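Here the structure comes first, spelled out in structure tokens, and everything after it is commentary.
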Amino acid sequence: MPASSAPPLKGLQRLLPYFGHARLAWFTAVVATIIGAITQPLIPALLKPLLDRGFQRGALPLWFVPAALLLLFGVRGVSGYLAQLSLAKVTNDGMLLLRRRLFARLLDADMALFARQSASALSNTVVYEVQTGATMLVNSLSGLARDFLTLLALLGYLFYLNWKLTLIVGVLFPAVAFVMQTLSRRLYRITKASQNATDSLAYVVEENVLAHRMVRLHNAQPGQAGRFDTLSQVIHRLAIKSVAAQAAMTPLTQMLAAAALSAVITIALWQNNTSGITVGSFVAFVSAMLMLVAPIKHLSEVANPITRGLAALERGIDLIEQTPAETGGTYQTAHARGELSFEGVSVRYNEDAQAALSDVTLRISPGEVVALVGPSGAGKTTLINLLPRFVLPQSGQVLLDGRDIASWQLSALRRQIAMVSQDVVMLNDTLAVNVALGEAVDRARVLHCLEAANLANHIETLPAGIDTLVGHNATQLSGGQRQRLAIARALYKDAPVLILDEATSALDTESERLVQEALQRLMAGRTTLIIAHRLSTIEHADRIAVMAEGRLVEQGTHAELVALRGLYARLHRMGFDDPQLAELVA
């Protein structure tokens with residue numbers, strides 16, 4: 001989204017659903033802030049009787065000024081404490097609600113979001129932007145309200161003392177407002193640009209953390225360091241511009257205040273020579289006017305944190321409001337039969353790109369095992385991603401048990417599908433939780449599934465058994481153990497449709513043997529789609545579907561396809577395990 005030239009006022013209205021619920025806290029904060037602001041002019045108000053009568057014997061009791069000061073600062077201290085505590089509750093309650101809704105949107109967001117934004121940008125928005133933005137914005141707005149009310153209270157007292165001099169002070173405010181408006185627009189543009197640059201920098205870091213082995217293997221560190229340095233320089237320049245714009249506010253407002261103060265003192269001295277004013281009145285007026293400098297200075301500085309806080313929170317709210325949730329139908333059933341049908345399905349990821357799938361028709365009976373083979377980019381992965389609706393077709397239908405999957409309730413549809421892929425993803429939780437992912441943990445059932453996945457012997461060696469934490473993406477397990485853990489998860493889910501996406505790739509011979517044994521148990525009685533390039537994985541499939549350039553070009557049993565002497569026969573002659581096939585079959 002392009003950033004607007006100034007922070008929109010309606011941006012604050014968008015925050016109300018998140019930060020407007022703690023009404024008692026808001027009320028307490030407002031009342032405490034008003035009380036604190038009212039006490040400000042009482043300080044110069046005490047100077048007037050002190051200077052006019054305090055040094056006259058018997059004019060004022062000795063206890064009056066000390067008692068008044070103690071009472072005054074006591075009230076200010078209590079009101080400040082209550083205001084700060086109440087605003088902390090407002091901030092944290094709103095932050096909690098906004099984070100919950102953000103994470104909930106990530107969990108049900110349309111898949112296009114994850115192609116459009118990097119993981120680092122999304123996590124930065126949910127974790128850091130919300131906290132920084134909420135704290136900065138609420139604290140800044142409370143400071144703005146406090147200083148504005150203090151300004152009004154002091155101006156009211158000044159008007160009471162000398163309305164003519166106060167009119168001179170009033171000339172100051174339009175000039176200050178113009179300075180703040182001009183510089184705050186520039187700050188908003190800089191803040192938006194800085195956010196985008198920070199996201200890009202975080203993405204570079206994320207890429208290099210995930211690909212650290214490949215970067216080192218290819219000695220790509222200098223190039224990656226150059227990418228990082230270029231973006232760091234952009235952020236550096238934007239930070240300097242932001243400081244320059246913010247720093248300009250204070251001297252400009254102070255010069256305006258100094259000009260107003262000079263005029264007031266000059267006119268006050270002239271008034272004293274012509275009509276006469278008391279020393280107490282003059283000192284009280286000048287003191288109150290000098291006290292105006294602090295809130296004016298704060299008001300001039302508040303534009304930057306408000307702009308930054310609002311921009312950060314707007315990013316989170318935009319994610320909630322502008323990211324559509326996944327949509328599905330209403331049909332659901334506990335357990336499908338597993339009949340699959342792809343009817344004239346076509347998929348194109350970009351309008352200008354070649355179609356990933358073109359008019360593919362494939363029907364699979366319940367319990368049938370179908371292997372998908374073909375060169376890289378043939379559309380095999382796209383085809384299987386249609387089943388759980390990770391990809392949506394531009395034309396054609398995908399049917400499960402004779403019903404278009406678009407009419408299925410999403411959660412019900414995905415309950416019917418289990419997947420074991422080459423890239424095993426595990427949560428940093430216990431083995432039991434990872435096996436029973438999404439369901440309640442039945443310990444006996446977990447152990448049974450681990451045994452069926454040929455992992456029981458390894459689990460017995462772990463000190464905490466199935467309660468062992470697997471670590472970040474199960475990096476404490478070997479590749480074969482992670483694959484078998486994924487198989488145990490699929491067994492636990494007990495779905496009628498099974499997808500095996502390169503489930504035995506990159507494994508040594510012994511690990512592959514154990515995984516193959518576990519897969520045979522998993523596939524029993526399930527409709528299975530297999531993507532693999534090893535002959536041992538696919539030759540026993542009930543049917544083999546051969547794809548090329550997004551089209552289904554051949555299908556049949558292994559023997560039938562070899563006899564056909566087509567694409568499959570050519571791949572078979574090359575040898576599915578031949579290294580030269582790496583670019584042809586994936």
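The values are calculated or read from the model by the stated rules, or taken from the named source; none is laboratory data. Predicted model, so just to flag it, every value in this text is computed and none were measured. Cβ coordinates were reconstructed from backbone atoms using ideal geometry, including for glycine residues, and neighbour counts include every protein chain displayed. For the accessible areas, the whole protein counts, side chains as well, though only heavy atoms, and no ligand, DNA or RNA atoms are used. Shrake-Rupley method; radii C 1.70, N 1.55, O 1.52, S 1.80 Å.
Regarding region 322-338, can at least one residue be identified that is hydrophobic (A, V, I, L, M, F, W, C) and within 24 Å of R543 (Cβ to Cβ)? Yes, region 322-338 contains a residue that is hydrophobic (A, V, I, L, M, F, W, C) and within 24 Å of R543 (Cβ to Cβ).
Checked against (1) closer than 24 Å to L561 by Cβ; (2) in a loop (DSSP other than H, G, I, E, B); (3) modelled with pLDDT of 90 or more, T361 passes all but a single condition, namely (2). L413 versus (1) outside any loop (DSSP other than H, G, I, E, B); (2) closer than 30 Å to A355 by Cβ; (3) open to solvent by 40 Å² or more (accessible area, probe 1.4 Å): which is the lone unmet condition? L413 satisfies every listed condition except (3). No other residue among I459, I466, I405 is more than 30 Å from L567 (Cα to Cα), touching a Gly at 6+ places or on another chain (Cβ under 7 Å) and surrounded by 14 or more Cβ atoms within 10 Å (Cβ to Cβ) apart from I459. Counting only residues that are in contact with a Pro (Cβ under 8 Å, 6 or more places away or on another chain) and surrounded by fewer than 13 Cβ atoms within 10 Å (Cβ to Cβ), region 333-357 holds 1 of them.
Looking only at residues in region 171-182 that are open to solvent by 30 Å² or more (accessible area, probe 1.4 Å) and modelled with pLDDT of 70 or more, which one is farthest from I235 (Cα to Cα)?
Keep residues of region 171-182 that are open to solvent by 30 Å² or more (accessible area, probe 1.4 Å), which gives 171, 173-175, 177-178, 180-182.
If we keep only those that are modelled with pLDDT of 70 or more too, we end up with 174-175, 178, 182.
Numbers: P174: 33, A175: 31, F178: 28, T182: 22 Å.
The residue in question is P174.
Considering region 92-110 alone, what residues qualify as being open to solvent by 70 Å² or more (accessible area, probe 1.4 Å) and either of a type outside the set (D, E, K, R) or not in a helix (DSSP H, G or I) (or both)? Answer for region 92-110, where residues must be open to solvent by 70 Å² or more (accessible area, probe 1.4 Å) and either of a type outside the set (D, E, K, R) or not in a helix (DSSP H, G or I) (or both): N92, L96, F103, L107.
Residues that are of a type in the set (V, I, T) and out of contact with any Asp or Glu (no Cβ under 8 Å at 6 or more places or on another chain) within region 301-326 comprise I306, T307, I317, I320, listed in sequence order. Restricted to region 394-422, and to residues there that are touching a residue at least 60 places away in the same chain (Cβ under 8 Å) and of a type in the set (K, R), the residue that is nearest to L522 (Cα to Cα) is R415.
Answer with yes or no whether R484 is in contact (Cβ under 8 Å) with a residue 24 or more places away in the chain, open to solvent by 70 Å² or more (accessible area, probe 1.4 Å) and assigned to a helix (DSSP H, G or I).
Answer is no for this residue.
Looking at (1) open to solvent by less than 40 Å² (accessible area, probe 1.4 Å); (2) at pLDDT below 75, which one does S194 not meet, given that it meets all the others? Of the numbered conditions (1) open to solvent by less than 40 Å² (accessible area, probe 1.4 Å); (2) at pLDDT below 75, the odd one out for S194 is (2).
Filtered by the rule that a residue be over 17 Å from Q416 (Cβ atoms) and open to solvent by 10 Å² or more (accessible area, probe 1.4 Å), region 364-378 gives P375, S376, G377. Summed over region 288-313, residues that are crowded, with 23+ Cβ neighbours inside 10 Å and among the charged types (D, E, K, R) total 1. When the criteria are applied in full, A115 fails the requirement of being open to solvent by less than 80 Å² (accessible area, probe 1.4 Å) and farther than 20 Å from H21 by Cα. Can you say whether Q394 is over 29 Å from the mean Cα position of the chain (by Cα) and under 28 Å from E339 (Cα atoms), as far as the supplied structure shows? For Q394, the condition - over 29 Å from the mean Cα position of the chain (by Cα) and under 28 Å from E339 (Cα atoms) - is met. For the residues A545, A440, the requirement of being of a type in the set (A, V, I, L, M) and free of Cβ contacts under 8 Å to residues at least 12 places away in the same chain singles out A440. The condition (being out of contact with any Lys or Arg (no Cβ under 7 Å at 6 or more places or on another chain), assigned to a loop (DSSP other than H, G, I, E, B) and farther than 23 Å from M523 by Cα) is satisfied by just one residue among V391, V425: V391. Within region 5-41, the residues that satisfy the criterion of being open to solvent by 50 Å² or more (accessible area, probe 1.4 Å) and at pLDDT below 80 are S5, L9, K10, L12, Q13.
In this structure, does V497 turn out to be modelled with pLDDT of 90 or more and open to solvent by less than 20 Å² (accessible area, probe 1.4 Å)? Walk me through it before giving the result.
On the way: modelled with pLDDT of 90 or more: yes; open to solvent by less than 20 Å² (accessible area, probe 1.4 Å): yes.
Yes.
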